[in-house]
1. On a full-extension model of 0.36 nm per residue, what is the gain between LEU291 and LEU307, subtracting their alpha-carbon distance, rounded to one decimal in nm?
2. Treat every Asp and Glu Cβ in the chain as -1 and every Lys and Arg Cβ as +1, leave all other atoms uncharged, and give the resulting dipole magnitude about the Cα centre to the nearest 20 debye.
3. For the pair LEU84 and ILE181, how long in nm is the line joining their label points, each one 7 Å along Cα→Cβ?
4. Give the carbon-plus-sulfur fraction of the accessible surface of the chain in %, rounded to a whole number; probe 1.4 Å, heavy atoms of protein chains only.
5. In Å and whole numbers, how far do the C-alpha atoms of segment 25-132 stretch along each principal axis, longest first?
6. Rolling a 1.4 Å sphere over the protein heavy atoms, what is the accessible area per residue of the chain, to the nearest Å²?
7. Just name one of SER254, TRP268, LEU188: the one whose Cα is farthest towards the positive end of the charge dipole of segment 175-293 (beta-carbon charges, Lys/Arg +1, Asp/Glu -1).
8. Pairs LYS182/LYS323; LYS10/LYS273; LYS272/LYS328: which are spaced more than 22 Å apart, C-alpha to C-alpha?
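The values are calculated or read from the model by the stated rules, or taken from the named source; none is laboratory data. In this text, all values refer to a predicted model and were calculated from it rather than measured experimentally. Methodologically, a virtual Cβ is constructed for each residue, glycine included, from the backbone with ideal geometry; neighbour enumeration extends over all protein chains shown. Note: areas computed on protein heavy atoms with side chains; ligands, DNA, RNA excluded. Shrake-Rupley method; radii C 1.70, N 1.55, O 1.52, S 1.80 Å.
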Amino acid sequence: MYMHRPMDGKKPYLVVILVQSIYTGMFLLSKAAFNGGMNNFVFVFYRQAVSTIFLAPIALVFEWKNAPPLCFRTFLKIFMLSLLGITSSLDLYGVALVYTSATLAAATTNCLPVITFLLALVYGMESLKLRTKPGMAKLAGILVCLAGTATLAFYKGPHFQLLCHHHLHNNVHVSSGKSWIKGVFIMLTSNTFFGLWLVLQTRVLKTYPSILLFTTLQCLSSTVQSFVVAIAFVRDPYEWRLGWNVRLVAVAYSGVMVTGVSFYLQSWVVEKKGPVFLAMSTPLALIFTTLSSAILLCEIISLGSILGGILLVAGLYSVLWAKSKEQKIIDTQNQCLEADKAGDQDLEQACK
């Protein structure tokens with residue numbers, strides 16, 4: 001007989017900590033590469049190329065035989081989806097990271113679920129009932145996220161810098177006020193494109209449900225697209241050199257660990273605990289990145305960044321709480337309908 005071990009219940013918690021640690025590494029390494037002079041458009045191309053090389057053999061082995069036929073119309077949808085949610089999002093993210101910091105990049109990811117909810121609301125995939133507690137909590141979460149974004153962009157306040165003697169690169173970039181504000185809004189645009197990608201891909205997956213092949217095709221499409229963008233902006237061959245340095249590490253890490261390993265781990269967590277559980281772990285990346293970037297990159301942390309991050313996290317949890325409450329109401333209603341069909345009088349009585 002199988003006996004439940006305490007470690008089994010802890011696995012999802014350990015996995016989400018690992019996932020957010022992987023994202024922390026991405027924020028730090030990409031920022032270090034940009035501080036070291038790497039062009040952000042070239043970085044995106046190399047990252048997507050590595051992702052494609054990593055995922056393609058796995059997808060061919062595990063899904064190729066059972067994959068549905070890929071017609072031109074479906075491929076075109078995948079290509080355009082990749083252009084919107086991966087190539088455009090990552091290129092804008094790279095530009096924003098040059099202007100801002102790894103801490104801000106981690107902070108703004110906390111508003112991604114809120115942005116995704118707003119986009120899903122526009123497409124009729126979500127609802128906002130303002131006369132209910134969950135509806136009011138959603139609205140409050142959206143407003144708090146907007147306040148957090150404004151705080152990040154327009155309020156600096158006192159600055160803090162931890163003592164650091166060893167960091168990933170000596171060229172520490174400090175943005176001016178205008179550059180910082182520009183970077184914040186570019187980062188939000190990047191998150192908006194990514195949120196739109198999350199919303200739209202659910203429709204494409206209905207016609208092409210092979211998730212691994214679907215992801216590989218998007219990476220392949222993004223590799224081609226990002227190469228075109230990079231070659232248009234970067235003509236100097238020296239800018240394309242990687243070498244045995246932080247540039248190569250950042251590209252390999254982002255391509256393998258973020259796109260490959262974290263994709264699988266997140267899918268496992270969603271299967272075991274659901275998407276809300278995964279989304280609630282997002283603030284861990286902000287905490288990890290804030291501490292690590294201050295120590296390893298010698299980034300100066302402002303009070304505005306801390307307060308803005310706290311507001312974004314508060315807005316995130318408000319929306320997630322509302323979503324969980326609505327899901328409980330839906331589950332209860334479904335149980336009552338099933339009880340009514342089955343003639344379970346005890347459960348019917350409890351529903352009244």
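1. Contour length minus Cα-Cα distance gives 4.3 nm.
2. Working: 27 positive and 15 negative charges, 61 e Å.
Around 300 debye, computed over the chain.
3. So the label points at LEU84 and ILE181 sit 3.0 nm apart.
4. 68
5. Result for segment 25-132: principal-axis Cα extents of 51, 44, 22 Å.
6. 53
7. About the Cα centre, the residue reaching furthest to the positive side is LEU188.
8. Violating the 22 Å limit, Cα to Cα: LYS182/LYS323.
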